[in-house]
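Inspection log for the structure reproduced underneath, given as structure tokens.
The values are calculated or read from the model by the stated rules, or taken from the named source; none is laboratory data. Everything numeric here is computed off the predicted structure, so don't read it as measured data. Methodologically, a virtual Cβ is constructed for each residue, glycine included, from the backbone with ideal geometry; neighbour enumeration extends over all protein chains shown.
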């Protein structure tokens with residue numbers, strides 16, 4: 001157990017009509033301070049999106065979440081938020097918001113490899 005590290009994660013949700021409170025999971029945001037890892041995986045099921053709301057633009061949502069990926073990577077094109085410390089970037093992305101793209105509460109766990117754990121959680125919660 002000593003070689004396992006703590007991680008935190010949040011589920012990314014699409015909330016097509018915020019006033020209705022209905023949502024479906026589209027991704028996972030995972031952070032491990034000790035491994036200096038911040039990653040995101042997402043996939044928006046086009047058919048599921050159409051059932052919830054035909055008004056939403058799939059390309060726009062994918063572009064928006066693609067910006068989250070750039071922030072996780074600290075890419076120069078991610079702007080001021082991408083320049084923040086890793087912990088601050090995670091907290092900013094996982095912050096509570098009342099928009100179409102939201103995150104769940106933050107959860108914690110222990111793992112050997114945060115990148116592999118991201119994949120496991122993604123498959124379980126999204127796919």
Inset, instruction - With respect to residue 58, determine if the residue is farther than 21 Å from residue 123 by Cβ, in contact with a strand residue (DSSP E or B) (Cβ under 6 Å, 6 or more places away or on another chain) and at pLDDT 90 or above. - result: no
Inset, instruction - Just one of (1) in a helix (DSSP H, G or I); (2) over 25 Å from residue 16 (Cβ atoms); (3) out of contact with any helix residue (DSSP H, G or I) (no Cβ under 9 Å at 6 or more places or on another chain) trips up residue 124, so point out which. - result: (2)
Legend entry - Residues of segment 32-55 satisfying the condition of being at pLDDT 95 or above, more than 14 Å from residue 101 (Cβ to Cβ), outside any loop (DSSP other than H, G, I, E, B) and in contact with a strand residue (DSSP E or B) (Cβ under 6 Å, 6 or more places away or on another chain): 32, 38, 39, 41
Inset, instruction - Scan segment 72-90 residue by residue and report those that are within 11 Å of the chain's Cα centre (by Cα) and either at pLDDT below 95 or within 29 Å of residue 20 (Cβ to Cβ) (or both). - result: 90
Inset, instruction - Name the single residue, out of those in segment 38-55 being within 17 Å of residue 125 (Cα to Cα) and touching a residue at least 40 places away in the same chain (Cβ under 8 Å), that is surrounded by the fewest Cβ atoms within 10 Å (Cβ to Cβ). - result: 43
